[in-house]
Amino acid sequence: MTSRPISRRRALALLGLGTASVATGTVAWATGVGAPGQCSRLRPGASGEPLSQPQVAASVNGVLDVALTVGPGVRLAGRDTSAFGFNGTSPGPTLRAQPGDTLLVRLVNHIDQPTNLHTHGLHVSPHGNGDNPFVTIEPGDSFDYAIRIPANHPAGTYWYHPHHHGTVADQIFAGLVGALLVAGEPDLPVTEDVVLLVTDTTLDDAGRVVPPSAMARMMGREGDLVLVNGQHEPVITAAPGDAQRWRIINGCVSRVLALRLESHPLAQVALDGVFLPAPVDRDQVVLAPGNRADLLVRPTSDGRYRLISDPYNRGSMGMMGGMMNGGHAATGPVTLATVDVSGPRTISPALPATLPAPPAPNGLVARQRQLTFAMGMGMAMGGLGMDGMSFTIDGRTFDTGRDDQTVQLDTIEEWTVVNDGPMDHPFHLHAWPFRVLAASAGTPPTGVRQDVVLIPARGWVRLRIPFSDYPGRSVYHCHILDHEDLGMMATVNVRT
Ligand code: C2O
Ligand code: CU
Ligand code: CU
């Protein structure tokens with residue numbers, strides 16, 4: 001980012017905000033897209049309905065054989081919309097498999113733009129028709145994935161979404177998300193085990209997904225409607241004494257969730273799908289886009305308690321302070337769901353003192369690397385719009401044909417990911433989960449396996465990555481998916 005002073009007018013022009021309105025001296029939201037209060041928005045048709053679970057597609061005899069058709073026309077927040085779904089729903093079906101299973105997924109594209117499929121968080125091969133982010137499925141076409149989950153894969157909470165570079169944010173904002181659960185023993189003794197897949201979107205009064213303004217895209221768009229399993233503020237019923245496992249997935253394009261449950265501590269048992277070594281009581285659980293947390297909720301007395309996401313400051317575009325803060329109006333706490341506790345008391349087993357966390361890989365670090373995430377005003381000052389702002393890793397935007405890191409298979413590497421800019425960027429690596437060793441914020445590293453970590457503005461995080469089992473090319477990127485689509489992604493080639 002240059003430190004050269006820049007006039008507000010010049011900056012607005014670079015950001016593609018209507019120059020005509022700037023000339024009249026009004027800070028206008030030129031297109032009306034993403035403009036607070038300027039076009040009518042769909043209000044939820046239903047709130048407070050019982051939490052529903054997506055349909056389940058489960059593996060049989062080691063194979064999960066499922067067709068997922070991507071198409072428009074789903075119900076969201078109790079309304080008919082032209083948002084996208086898998087097999088007519090958003091979220092799509094919950095895929096349930098066991099370690100050792102093969103996912104045979106036929107993805108059928110019935111939308112008018114290319115798409116594909118990514119199994120976020122799975123340690124599986126990125127090669128060929130595996131979890132390959134370079135696949136393109138054109139409108140009208142289909143593609144047969146065969147994704148083999150290794151027999152020693154940790155059980156847990158993962159998810160799936162499209163990953164076609166350039167349209168990832170649009171397609172997730174339009175509803176293309178689903179949960180992917182790997183079952184395994186031992187499991188927790190709980191009275192309920194539910195998926196809470198959180199998404200946000202913005203719909204106009206005809207139920208169409210509203211595209212973001214240029215500025216919202218750069219900041220990372222946040223939707224007006226925050227939904228859980230496609231529902232607005234659903235109600236989870238519980239009896240006092242219950243122990244419920246909530247598998248919370250942050251499927252939002254850009255929104256960081258800062259979760260709390262009124263009058264209850266949150267016992268976190270898993271991060272990014274896999275068990276922690278022991279349950280941790282937290283007042284607040286922060287999930288960057290892509291992160292998951294499994295929480296054990298144990299209500300003790302009757303009442304209604306809201307699951308809330310508090311405002312989270314993920315930085316600004318830097319040069320214009322508050323004005324650039326996201327380009328949307330939703331700033332207060334958001335209610336995601338309510339737990340309604342009533343009825344006869346139940347008795348649940350105590351929380352286990354230790355949990356079956358997967359073992360940490362040991363071994364020598366073969367190589368250390370430093371990566372830098374940055375955004376800045378490009379030198380293309382003549383152009384209006386987003387050409388003027390670049391989102392880079394190591395000074396470059398994404399090039400599908402370029403190998404950015406070449407890694408030796410079955411070695412352990414240490415990566416220090418530096419964030420040079422004024423906004424947080426969640427770092428995500430496909431196929432090879434990592435552990436956080438240290439971070440600029442000084443918070444003690446959890447030391448557990450994860451796949452998304454928030455790199456705070458002007459901060460850094462050091463990771464240990466075992467590049468085990470799978471040769472092949474894949475990607476790492478900012479999981480603010482607007483940034484990814486704008487180029488903040490790079491490739492890693494793991495070679496034998
Ligand atoms: Cu959740 Cu590259 O993705
Ligand atoms: Cu991923
Ligand atoms: Cu980012």
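Between the stretch 209-256 and the stretch 189-206, what is the C-alpha centre distance in whole Å?
Taking the Cα centre of each part, the stretch 209-256 and the stretch 189-206 sit 6 Å apart.
If you put +1 on each Lys and Arg Cβ and -1 on each Asp and Glu Cβ, how big is the dipole of the chain around its Cα centre, in Debye rounded to 20? Can you show the working numbers first?
Numbers: 36 positive and 44 negative charges, 214 e Å.
Its charge dipole is roughly 1020 debye.
Taking only the alpha-carbon positions of the stretch 365-495 and ignoring solvent, what does the Debye formula give for the base-10 log of I(q)/I(0) at q = 0.18 Å⁻¹?
Per q value, in the given order, log10 I(q)/I(0) is -0.96.
Between ALA183 and HIS110, how many nm apart are label points set 7 Å from Cα along the C-beta direction?
Calculated label separation equals 2.9 nm.
With runs of 4+ DSSP H residues as the only contributors, calculate the mean residue ellipticity of the chain at 222 nm using -39,500 (n - 2.57) per run, divided by the residue total and rounded to the nearest 500.
The helix-only estimate for the chain comes to -1500 deg cm²/dmol at 222 nm.
I'd like the antiparallel share, as a percent to the nearest 5, of DSSP beta bridges with both residues in the chain.
Working: 94 of 133 bridges.
The antiparallel fraction comes to roughly 70 percent.
How big is the shadow of the Cα convex hull of the chain, averaged over all directions, in nm²?
The directionally averaged projection comes out at 22.6 nm².
How high is the relative contact order of the chain, given as a whole-number percent (alpha carbon pairs under 8 Å, six or more residues apart)?
Averaging sequence separation for qualifying contacts and normalising by length gives 15 percent for the chain.
Would you list ARG449, ARG458 from the most to the least accessible area, probe 1.4 Å?
ARG458, ARG449
Please compute the modelled spin-label separation between ASP205 and THR69, points set 7 Å along Cα→Cβ, answer in nm with one decimal.
Label at THR69, label at ASP205, 3.3 nm between them.
List residues of the stretch 400-418, by number, whose backbone nitrogen lies under 11 Å from a label position 7 Å along Cα→C-beta of PHE134.
Those under the cut-off are 400-404.
Sum up the charges of everything whose Cβ sits under 13 Å from the Cβ of MET219, counting Lys and Arg as +1 and Asp and Glu as -1, but leave MET219 out.
Details: positive: ARG217, ARG221, ARG255, ARG314; negative: GLU222, ASP424, ASP482.
That works out to +1.
So how far, in whole Å, is the C-alpha centre of the stretch 338-381 from the one of the stretch 119-153?
Using only Cα atoms, the two centres lie 23 Å from each other.
Leaving out ligands, DNA and RNA but keeping every protein chain, what accessible area does ARG282 have, in Å² rounded to the nearest 10, with a 1.4 Å probe?
70 Å²
Can you tell me, using C-alpha contacts under 8 Å and at least 6 residues apart, the relative contact order of the stretch 185-260 as a whole percent?
48 percent
Within the stretch 365-495, what percent of beta bridges assigned by DSSP are antiparallel, to the nearest 5?
Of those bridges, close to 75 percent are antiparallel.
The values are calculated or read from the model by the stated rules, or taken from the named source; none is laboratory data. Keep in mind that what you see is a predicted model, and the values were worked out from it rather than measured. Every residue, glycine as well, gets a Cβ built from its backbone with ideal geometry; the counts of neighbours run over all protein chains shown. When the accessible area is computed, the model is the full protein with side chains, heavy atoms only, and any ligands, DNA or RNA have been set aside. Shrake-Rupley method; radii C 1.70, N 1.55, O 1.52, S 1.80 Å.
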